[in-house]
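The structure appears below as structure tokens.
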Amino acid sequence: MRHRSDCWTTLIEFTQSSLPFQYKYIVYNTITGEFNWEPSENRTFELKSKPNTIHDNEYTFTLTEIWGENSFFHVITDYRPPISSNRVAIINLGKKLLVDGSPAPLLISRTALSCRIFRELTSENNETYLIVTGGHVQKVIDTESAVMKRLALGEGIPISKIVEEDEARNTIENAVFSLDICANLRISRATVVTSCFHMQRTRMIFERVFQRSRLLNVPELCFEEDLEPAGMTQADYKGEAKVESIMIGMLDQHLAYFLDQ
């Protein structure tokens, strides 16, 4: 239980088989300094809705008490499945597709790196997921995530272990939307994969987004960079470095816009 000046927040873990359950509040009298059970009948909690992804029928919810001068009020503010210690994920960041809708060579090499990491983590007895994140950035039929999914399937990654995030249009949205997927999947550790020239800004964004999250189960972050992205010339590196420098200079402004929505 943690205390703020205006509310108490209690985290309670339970299984679906324990629902519904009954509970009562202890009421503190600020005049007499006494603690007493509230005089009403027991309250009953029932889960009215469920998160998008449920695993093992486990839930966590946040019970927040807010009080005024004469009475207590309670709200359910959030609930998520608790983290599973051996459930890990690779977050493969998208890259703008070519004008014909095919993947750029560096997206192919980036996805290949993610697939190698997937196999390594799985061989260590982890339950591993590959999150491919990227929406419609180019005016082509496929999303970046759909193209990455096909690449991963070609690398032998099971379709049941590939999770598409098909709405992100930039790296900040990659981080925000992937975090929500990780929380629903109960991921304990997430490895973010991108190209070397993009890694500094990626790390800054993901760390900021994950640290600011109010979710109950934020995974540990790791980072892996593709040191030799395919198809890159020295001129390409210089161009990407210039873009990254400009974007990093504007990062606080961009984060404020996306995270304060």
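The values are calculated or read from the model by the stated rules, or taken from the named source; none is laboratory data. Since we're looking at a predicted model, the values are computed, not measured. Every residue, glycine as well, gets a Cβ built from its backbone with ideal geometry; the counts of neighbours run over all protein chains shown. Please note that ligands, DNA and RNA were not included when accessible areas were found on the heavy atoms of the full protein model with its side chains. Shrake-Rupley method; radii C 1.70, N 1.55, O 1.52, S 1.80 Å.
I'd like the Karplus ³J(HN,Hα) series for region 228-238: coefficients 6.51, -1.76, 1.60, θ = phi - 60°, whole numbers in Hz, and an x wherever there's a Gly or Pro.
Per residue, the Karplus-derived 3J(HN,Hα) values read 10, x, 5, x, 8, 9, 4, 5, 4, 4, 5 Hz.
Over region 119-166, what is the relative contact order in whole percent, taking alpha-carbon pairs under 8 Å and six or more residues apart? Provide the component values of the computation, followed by the final result.
On the way: 52 pairs, mean separation 21.0, N = 48.
In percent, rounded to a whole number, it is 44.
Amide H neighbours of Asp226 under 5 Å, counting only residues 5+ apart in sequence or on other chains, H built in-plane at 1.01 Å?
Residues meeting the amide H criterion: Thr194, Ser195, Cys196.
Quick one: net charge around Lys139, please, counting Lys, Arg +1 and Asp, Glu -1 for every other residue with C-beta under 15 Å from its C-beta. Each step should come with its number before you reach the end.
On the way: positive: Lys96, Arg169; negative: Asp100, Asp142, Glu144.
Local net charge: -1.
If you add up the charges near Cys196, with Lys and Arg at +1 and Asp and Glu at -1, over every other residue whose beta carbon is less than 14 angstrom from its beta carbon, what do you get?
Result for the local shell: -2.
Per residue of region 240-256, in order, report the coupling 6.51 cos²θ - 1.76 cosθ + 1.60 (Karplus, θ = phi - 60°) as ³J(HN,Hα) in whole Hz, putting x for Gly and Pro.
Working through the residues one at a time gives 5, 4, 5, 4, 4, 4, 5, 5, 5, x, 9, 5, 4, 5, 5, 5, 4 Hz.
Quick one: net charge around Arg169, please, counting Lys, Arg +1 and Asp, Glu -1 for every other residue with C-beta under 12 Å from its C-beta.
Net of charged neighbours comes to -4.
What percentage of the solvent-accessible surface of region 132-200, computed with a 1.4 Å probe over protein heavy atoms, is contributed by carbon and sulfur atoms?
Accessible surface attributable to carbon and sulfur in region 132-200 totals 51 percent.
Under the rule of at least 5 residues apart or a separate chain, name every residue whose amide H is placed under 5 Å from the amide H of Arg189.
Here the answer is Ala89, Glu220, since their amide H atoms fall under 5 Å of that of Arg189.
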